[in-house]
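The values are calculated or read from the model by the stated rules, or taken from the named source; none is laboratory data. Only a predicted model underlies this, so the values are computations on that prediction, with no experimental measurement involved. Positions of Cβ are backbone-derived with ideal geometry, glycine not excepted, and every protein chain shown enters the neighbour counts. For the accessible areas, the whole protein counts, side chains as well, though only heavy atoms, and no ligand, DNA or RNA atoms are used. Shrake-Rupley method; radii C 1.70, N 1.55, O 1.52, S 1.80 Å.
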Amino acid sequence: PQWHQGAIKAVAPVQKRGQAVRASLQPRAELARRMARRGATPRPDTVLMCDSVQDWLSEQCDHYRCMHVPRPQALRAQQQRVDLLNEVGACGPESSLQTRVQVAEMWGSEEWLAAEWSSKGRSLLDQVGGPGLPDGLRRQVQRDIEEVGMAMAKMLPDAKEMILKVELMGESVCHRWHQDYYTCRAIITYNGSGTVYAHNDNVNFWELRNCGNNDHIIRDASQVLSANSGDVLLMKGKWFPSTVNGLVHKSPDKRYHPDGSIMTRLCLKIDVA
């Protein structure tokens, strides 16, 4: 059923905001033990490979600039369909559809917050024009909105709102290595290559900060990391509330069809300013 706040008569109160909220999906101690068994040793300037977005609630994540959830089983979008969506302007003149989720207003109940993410996701996906998303892919994106949105809200309980976006990434992408000057972004690319990122010790920060040659920013290109299509990547910006933040990253290199047309990527983003 479609949820809205007025339809809910009685719900259990959400846990107290702060550490209790962040730990509500799984106890932090349990997560720490499981990650330790996998050899995840806290070290600044390192990506933490996670089994699921629920792992983002572990204290260990405070030591990392990025959390990466590989998902080889996730449903991918067909390149031909994504290119068609781009051709017909399915995401509007800016190739981007977005809505704001007022997470602070929903903290009276975890059920209200989950219902809000579900409702906002359905409404946003309804706006995709042209042939729209195939049914299976639409269900995948909807699940991702709900699961990633809830994990981010619990990870950042003081956030007032989050920005939910569905974008078609073509020619207008950020090819330059950079750090984001906001709190964080979760991103999923459903076809093609995902976001490219680097460890801090592989970055020439003088080149990065002084608008130097993009090819000179990375010291060793063979050590660059990237997300695959279907993976979930949480990138901390410079304003993330921890001492370890500011992931250096960029969009993947653009790819073209033999006829010279761009190979468009379909992306889901959830931003915290």
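One-quarter of the Cα convex hull surface for region 108-173, in nm²?
Answer in nm², one decimal: 5.6.
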| query | Under the Kirkwood approximation applied to all pairs of distinct alpha-carbon atoms, what is the hydrodynamic radius of region 151-273 in Å? | reply | 15.5
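Where a ≥ b ≥ c are the square roots of the eigenvalues of the C-alpha gyration tensor, would you call region 88-142 rounded, which needs a/c under 1.5, or, failing that, prolate if a/b is larger than b/c, or oblate?
Taking the square roots of the gyration eigenvalues as a ≥ b ≥ c, region 88-142 is oblate.
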| task | Sticking to Cα atoms, compute the Rg of region 149-191 to one decimal and its Dmax as the biggest Cα-Cα distance, whole number, in Å. | result | 12.9, 35
| query | How large is the convex hull of the Cα atoms of region 89-200 per residue, expressed in Å³ as a whole number? | reply | 129
| note | Heavy-atom accessible area of region 157-250 with neighbours in place, 1.4 angstrom probe: carbon+sulfur share in percent works out to 48
| query | How large are Rg and Dmax for region 45-99 when only the alpha carbon atoms are used, in Å? | reply | 16.7, 45
| request: Step through the table entries Lys120/Lys238; Lys120/Lys250; Lys165/Lys250; Lys165/Lys236; Lys160/Lys254, compare each Cα-Cα distance with 23 Å, and write down the pairs that go over it. | output: Lys120/Lys238; Lys120/Lys250; Lys160/Lys254
| region 152-273, relative contact order [Cα under 8 Å, separation at least 6], % | 45
| task | Can you tell me the FRET efficiency between Gln223 and Glu94 if r is taken as the Cβ-Cβ distance and R0 is 35 Å, rounded to the nearest 0.05? | result | 0.50
| field | Calculated from backbone phi, Karplus (6.51, -1.76, 1.60) coupling profile of region 119-127 in Hz, x at Gly/Pro | value | 5, 5, x, 4, 4, 5, 5, 5, 7
| request: May I ask you to give the solvent-accessible area per residue for region 182-230, in square angstrom, as obtained with a 1.4 angstrom probe? | output: 46
